Each structure stands twice: as C-alpha cells, then as structure tokens.
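The block underneath contains the structure these notes are about, expressed in structure tokens.
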Amino acid sequence: MAGAESVGANAVTEQRDSWITGTLVLFCLMSMVVTVVAGLIQVSFGEYSMTVLEAWKAVFNPAVIFDLNAWVSFLFGTERPDMSTNSIVVWNLRLPRVFVGIITGATLAVSGAIFQAVTRNELASPFILGVSSGAGFAVLATLVVFSGFAPFLPLIATLGGTLAFGLVYSIAWKGGTSPVRLVLAGVIVNMVFQSLQQGLFFFADDLGVVQTAIAWITGSLTGTGWEEVRIAILPAIIAIAIALAGARQLNVLMLGENTARSLGMRVERVRFFLSGVAILAASVAIAVAGVVSFFGLVVPHIVRNTVGGDYRRLMVGCVFAGPALMVTADVGARLAMGGTQMPVGVVTGLIGGPYFLYLMRKQQSMGEL
Amino acid sequence: MARTQRNTDRERTQITDDNGIAIESALVGDGLELSYPSSDGTVVECTRLDIPEEAVTALVGPNGSGKSTLLKALSNHLKPDTGTVRIHGEDLDSFSQKELARELGVLSQENDSLGSISVEDLVYHGRYPHRGFFDGADEADHRAVERAIELAGIDEIRDTELGQLSGGQKQLAWIAMVLAQDTDVLLLDEPTTFLDVHHQFRVLETIRQLNEEKGVTVAVILHDIAQAARFADYLVAMHDGKLYDWGPPEEVVTEQLLADVFAIEATVEYEPELQVLPKRALPDR
C-alpha cells in the first residue's frame with residue numbers, strides 16, 4: 001500500500017515538472033546555439049589578422065581552457081601565464097567582450113522581466129522606470145567627478161538606480177500605482193536624470209572623457225575586458241539565482257495584489273525585495289556596458305510570446321535569450337560598419353524600437369499584464 | 001485542539017440553535033468601525049457580528065450597504081478604525097500573514113484575469129501559505145490540489161488556460177484555488193454574480209458540499225436574496241453600513257425586511273419552504 005502510494009506521488013511529481021515544456025527546451029537550445037555562433041563570429045574578426053580557423057583553434061585551445069592558472073588570471077586579475085599571441089588576442093581581447101555581452105544580456109532581460117511582474121505592467125523595464133538613467137547618472141558622475149571610486153561602480157550604479165526607482169514609485173504612488181502613472185513618472189524622472197547627465201559633460205576635463213561618457217550613455221561593449229567580467233560576474237550570478245528561485249513569487253504577484261495577500265504573501269515586502277534584485281541586475285549591466293536601450297523591455301516580450309507567461313519558464317527563457325540577442329547585437333555593432341564600431345545600444349535601439357512598435361500594433365491591449 | 005482557551009469572561013448573548021444548544025462562532029467582529037483611507041466618514045458600523053462555526057452564513061444587502069467592506073475587515077484586508085476581529089477566539093493581528101492564510105481562505109470579488117495560466121497551476125498557487133519562499137511542492141500539496149480540483153469538479157479543464165474558460169468555469173477554478181488553501185474558514189465575495197444559473201448552482205453546491213463533508217465555516221456574500229434565503233444556514237442583512245438583522249433565514253426574511261433593506265415589495269412564503277417572490281421596486285424614500 002505504502003509502495004503504491006509513493007509511486008502515485010512520483011507520477012504526480014513528474015507531472016508537476018511539466019512547466020519545463022519542449023518549447024522552452026528548444027528555445028533555450030536555440031538561444032545557446034545563437035550565442036555560440038555569434039561569439040565565434042565575434043572572435044574571428046578584428047584588427048589583428050588571423051584566419052577564422054586559427055581563431056577558432058585558439059578559442060578551443062585545450063592548453064588555455066584547461067589551464068587553471070589562466071582562469072585564475074582572467075577571473076582574479078593575477079599575472080597571465082605564457083601563451084601564444086593568437087591565444088592572447090582571442091582570450092584576452094576578443095572573448096571577454098563576448099562574456100560581458102552574455103552577462104549584460106542575461107541581467108538586463110531578467111531585470112526587465114521582474115519589473116514587468118512587480119508593477120504588473122507590460123511596459124515596465126529598467127529603462128522606463130528610471131533605473132537606467134539614475135544608475136547612468138551615478139556612473140557618469142563617478143567617471144567625471146569622483147574618479148577615485150571607480151572600483152565600486154556596480155555599487156554606485158545600484159545606488160543611483162535605487163534612488164531613481166524610488167523616486168518614480170513615490171511619484172506614481174497614490175494609494176496604489178497604475179501602469180500609466182508609472183510610465184509617466186518614469187518619463188519625468190528619466191528626463192531629469194538625463195539633463196543631469198548632460199550637465200555633467202561641462203565638468204569633463206578633456207575630450208577623451210566626454211567620448212567615453214557618450215559611448216557609455218548609449219551603451220557600449222567596446223573595449224570591455226576581463227576586468228568588466230570580474231566586476232559583474234558575482235552580482236550577476238546572485239541576482240539571476242534569486243530571480244530564478246523567486247519565479248513562483250512573481251507568479252503569485254501576477255494574480256493581483258488582493259489574491260496574493262489572501263494567500264499569505266506580504267505583498268509590499270516581496271515586491272520591494274524583488275525590485276531590489278531587479279535594480280541590482282540592471283545596475284550590474286549598466287556598470288559595465290552603460291545604458292543599453294530597449295533591451296530590458298523587448299527581450300521579456302520575445303520570450304513571453306514564445307514560451308508563455310509562466311514566470312518559471314519566462315525567467316529561464318530570459319537567461320538564455322538575453323545573452324543570445326546581446327551578443328548578436330554586439331556583432332552587428334562591431335562588424336557591420338566595417339572600420340568603425342558603433343555602440344551596441346544604437347543597434348538594440350534601432351532594432352528594439354520598431355519591434356516594440358510592431359508588438360503594440362499586433363496586440364489589442366497593451367499595458368496591464 | 002490548540003485553540004481551546006477561549007474568552008469565557010466575554011459578555012455575550014450566546015447564539016443557540018433550535019434545540020437550545022449553544023453555537024460557537026468561528027469568526028467574531030467586535031465593535032467594528034470601518035472606513036477607507038481614500039474617503040472620509042465611517043462606511044460600516046457594527047457592534048457585533050458572528051459567523052457561526054461549521055455553518056454557511058450569507059451576507060445580503062443592496063449595493064453599497066457595506067457587505068464587501070465588512071468582509072474585507074473580517075479577512076484582514078482592511079484594518080478597522082476601532083474594534084477587533086477574532087478567529088476561533090484569537091485576534092487576527094496575532095497571526096502572521098501566512099499563518100492567517102492557513103486558517104482563513106478569501107476569494108475577492110474581482111479577480112484580475114490572467115490569460116495564460118493553466119487551471120492546475122492556479123490551483124497550486126492556493127498552496128502558497130503552506131510552502132516556504134523557495135520550497136517546491138510536496139506530497140501534501142499534491143493531495144490538497146487533487147482534492148480541491150475534484151471538489152470543484154473541474155478535472156476535465158485542469159490543463160486548459162484560464163483565458164479560454166467561460167466566466168463560470170473561471171470562477172470554479174478560482175474557488176478550487178481557495179479550497180487548495182485547506183482552511184477551516186472560507187470567505188467568498190459574490191462568487192455567483194455574473195454566472196449563469198448552472199454555474200451558480202455548481203458554485204453553491206461545491207460550497208455546501210465542503211461545509212457538510214469537511215465542516216468548513218463559510219461566509220459568503222450573495223447578491224440574490226431569494227437564493228441566499230434558500231441556501232444559507234444563517235443570514236446577515238446589511239443596510240446603510242449597519243447590521244439590520246441576522247439569524248436563520250426563516251426568522252430574518254420578512255416582507256418588512258425586503259421593504260426596508262432592499263426597497264422591494266415582495267411576498268414571502270414559509271411553507272413548504274422559504275421562498276421570496278419579488279414583485280416590484282418601492283419608490284425611493
């Protein structure tokens with residue numbers, strides 16, 4: 001009897017894992033393939049000329065991949081062990097940019113997805129809710145005025161993002177918030193912080209700083225290396241892990257505030273905590289890549305259209321789709337114009353804007369989830 | 001039972017049933033004054049409200065009489081300006097949000113509809129108060145969900161997405177979610193409004209079955225006085241934010257009540273069973 005019971009329970013458990021659908025697995029695999037292919041294209045071209053084959057050989061060079069010292073040097077900034085010039089070019093100059101793309105893509109997508117659930121607003125994203133411009137302002141101020149604090153960039157970006165999001169939320173709050181009020185408040189706070197950003201340019205000492213700052217405001221992966229990976233990887237992993245584990249909380253939040261409360265959720269607290277995670281995720285990306293527009297808004301939409309609205313699926317989908325799209329967009333940014341590199345934010349804006357318009361036209365209603 | 005220590009020194013008139021046996025109350029509202037932060041003035045005033053244990057109590061009254069407000073206070077969704085609400089003799093404030101959700105199930109009137117969630121997933125959300133922040137579902141959860149789905153009779157639509165269901169099926173799915181919460185007390189805000197007659201009965205029969213088989217205490221707001229009179233063990237009639245009368249339907253439902261509270265002229269038949277036959281609306285007073 002006991003045996004029969006446990007067998008039955010197992011069957012039920014298996015059934016409960018059914019949120020992992022074939023579509024989701026396929027979607028994630030496809031995303032991974034796209035990420036790898038785009039990454040390989042990225043490392044194959046550059047100023048230092050080598051053939052595609054040489055570059056790929058360098059990528060899959062077992063002497064580097066299985067060299068503990070090399071990884072220690074990449075991740076902790078210790079001295080690099082000896083390796084061939086090809087390996088140095090690929091592993092030290094070109095690949096880290098791909099990794100930064102992966103990290104920023106995943107964090108921005110996850111951040112947007114969380115914000116959309118917390119505010120129950122399809123239009124929510126770190127960009128629209130002011131987090132991007134707040135964090136952007138904080139980072140810019142650090143670069144231009146307080147350059148001594150540069151090692152704490154993610155922390156500073158998080159503080160700026162939190163401040164801006166807090167402002168947006170308190171402006172929009174009137175015994176509750178509505179999607180439209182949140183977006184309007186976001187527009188206002190965005191404008192204020194963007195003005196502040198532009199004002200900061202007048203305090204820049206030389207043209208070099210201004211150029212960095214501009215690349216930074218548009219969102220760029222140019223010149224990112226292992227140092228950026230080192231800055232971003234830990235907070236990114238923490239934020240993504242919490243986001244994945246908190247997917248069920250987001251699902252319950254999506255049932256509406258009243259229902260969530262009836263079910264025993266301390267709605268304000270959960271909302272606040274998960275917003276914090278989303279701000280952290282967005283700030284990580286902003287600290288290393290700047291403000292990549294439209295990304296956090298559009299990627300969750302693409303994933304939702306493919307795998308459905310269940311946040312357990314949506315989060316996993318975002319973690320895979322974000323990197324794929326970011327690395328691909330960065331390939332376009334770096335290689336499409338021949339000699340000149342564009343900031344990746346220009347590419348995402350150019351593609352993301354029209355795509356979002358298309359979504360708006362296609363869907364009957366937009367706004368409340 | 002853990003909850004044996006009751007307030008014995010509390011002065012109250014004991015409610016008794018036909019045989020004079022005292023009836024315990026699962027939920028008691030004491031000296032309640034309720035208002036909303038956005039509007040001034042007290043919306044509901046109620047010196048004493050009892051929801052008798054293991055019985056079905058229907059709250060009736062016209063629109064704006066304060067039924068929903070009262071239910072919000074009973075479920076801790078609205079903090080009373082004065083007074084307390086006790087469940088099984090203990091103050092609602094002494095519970096954490098999750099503890100309360102294990103004692104008291106609530107279904108609000110409007111449930112923002114999510115299109116893309118399957119019925120089964122929705123019912124699993126009812127297990128929320130029984131699970132930790134990061135916990136998966138365990139065997140007790142599976143059993144409770146199966147039971148809830150069976151009770152609500154929605155097995156054949158369990159994999160269907162909510163957006164594809166009719167209003168009545170949706171309501172049954174939401175009710176199954178509250179049932180999965182596995183509480184001793186259930187508060188339902190107008191679960192039958194906007195449903196066709198078939199689904200109205202499905203919902204009411206589910207509630208009745210739950211009450212009879214599991215001894216669950218139910219407080220339910222019903223729009224239709226005739227339906228409430230036939231269905232409930234006790235009626236609470238609200239009028240202008242005050243408690244007009246309460247007790248068994250045979251005692252509460254009179255032509256006077258229908259005139260005073262609902263502003264309709266109606267005949268009430270007591271034999272062979274209680275029946276309300278509305279005739280016409282009375283002119284505004």
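None of the figures in this text is laboratory data; all of them are computed from the coordinates on show. Only a predicted model underlies this, so the values are computations on that prediction, with no experimental measurement involved. All Cβ positions, glycine included, derive from the backbone under ideal geometry; neighbour counts span all protein chains shown.
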query: Going by the conditions given, is A:Leu359 among the aliphatic types (A, V, I, L, M), surrounded by fewer than 19 Cβ atoms within 10 Å (Cβ to Cβ) and within 27 Å of B:Thr160 (Cβ to Cβ)?
result: yes
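Over 28 Å from B:Glu24 (Cβ atoms), buried (at least 20 other Cβ atoms within 10 Å of the Cβ) and aromatic (Phe, Trp, Tyr), is that true of B:Phe194?
Here the answer is no, as B:Phe194 does not meet what is asked.
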statement: Output for Cβ contacts, cut-off 8 Å, separation at least six or different chains, first residue of a type in the set (Val, Ile, Thr) in segment A:59-76, second part of a loop (DSSP other than H, G, I, E, B), reads A:Val64/A:Met83; A:Val72/A:Thr78
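Listed here are the residues, each with its yes/no results for (1) buried (at least 17 other Cβ atoms within 10 Å of the Cβ); (2) out of contact with any strand residue (DSSP E or B) (no Cβ under 8 Å at 6 or more places or on another chain); (3) within 30 Å of B:Arg143 (Cβ to Cβ); (4) without any contact (Cβ under 8 Å) to a residue 40 or more places away in the chain.
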residue	(1), (2), (3), (4)
B:Ala219	yes, no, yes, no
B:Gln256	no, yes, no, yes
B:Glu265	no, no, no, yes
B:Pro283	no, yes, no, yes
message: As an exercise: evaluate B:Thr82 against (1) more than 7 Å from chain A (Cβ to nearest Cβ); (2) crowded, with 17+ Cβ neighbours inside 10 Å; (3) not aromatic (Phe, Trp, Tyr) and give the number of the one condition it does not meet.
response: (2)
statement: If you go through A:Val90, A:Val64, A:Val100, the only one that is among the β-branched types (Val, Ile, Thr), surrounded by fewer than 24 Cβ atoms within 10 Å (Cβ to Cβ) and in a helix (DSSP H, G or I) is A:Val64
message: Among the residues that make up segment B:53-63, is at least one of them buried (at least 22 other Cβ atoms within 10 Å of the Cβ), within 27 Å of B:Val276 (Cβ to Cβ), touching a Gly at 6+ places or on another chain (Cβ under 7 Å) and more than 14 Å from chain A (Cβ to nearest Cβ)?
response: no
query: Can you name the condition, by its number, that A:Gly186 falls short on among (1) farther than 21 Å from A:Arg97 by Cα; (2) more than 14 Å from every other protein chain (Cβ to nearest Cβ); (3) surrounded by fewer than 16 Cβ atoms within 10 Å (Cβ to Cβ)?
result: (3)
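For every residue, the table says whether it meets (1) more than 9 Å from chain B (Cβ to nearest Cβ); (2) closer than 19 Å to A:Ser125 by Cα; (3) outside any helix (DSSP H, G or I); (4) not aromatic (Phe, Trp, Tyr).
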| residue | (1), (2), (3), (4) |
| --- | --- |
| A:Val229 | yes, no, no, yes |
| A:Ile233 | yes, no, no, yes |
| A:Ala239 | yes, yes, no, yes |
| A:Gln249 | no, yes, no, yes |
| A:Val252 | no, no, no, yes |
query: If B:Gly115 passes every condition in (1) in contact with a strand residue (DSSP E or B) (Cβ under 7 Å, 6 or more places away or on another chain); (2) away from chain A (no Cβ under 14 Å); (3) surrounded by fewer than 16 Cβ atoms within 10 Å (Cβ to Cβ); (4) assigned to a loop (DSSP other than H, G, I, E, B) but one, which one does it miss?
result: (2)
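Out of the residues in segment B:91-107 that are surrounded by fewer than 16 Cβ atoms within 10 Å (Cβ to Cβ) and not polar (S, T, N, Q), state the one that is farthest from the other protein chains (Cβ to nearest Cβ). Talk me through it step by step, then tell me what you get.
Looking only at segment B:91-107, we keep the residues that are surrounded by fewer than 16 Cβ atoms within 10 Å (Cβ to Cβ), and these are B:91, B:93-94, B:96, B:99.
If we keep only those that are not polar (S, T, N, Q) as well, we get B:91, B:93, B:99.
Values: B:Asp91: 17, B:Asp93: 14, B:Glu99: 8 Å.
Filtering first and then ranking leaves B:Asp91.
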task: Mind counting the residues in segment B:118-154 that are within 20 Å of B:Val203 (Cβ to Cβ) and part of a loop (DSSP other than H, G, I, E, B)?
output: 3
query: Limited to segment B:145-196, what total is found for residues that are of a type outside the set (Asp, Glu) and more than 14 Å from every other protein chain (Cβ to nearest Cβ)?
result: 15
message: Just to be sure I understand, how many residues within segment B:262-278 are charged (D, E, K, R) and under 20 Å from B:Tyr244 (Cβ atoms)?
response: 1
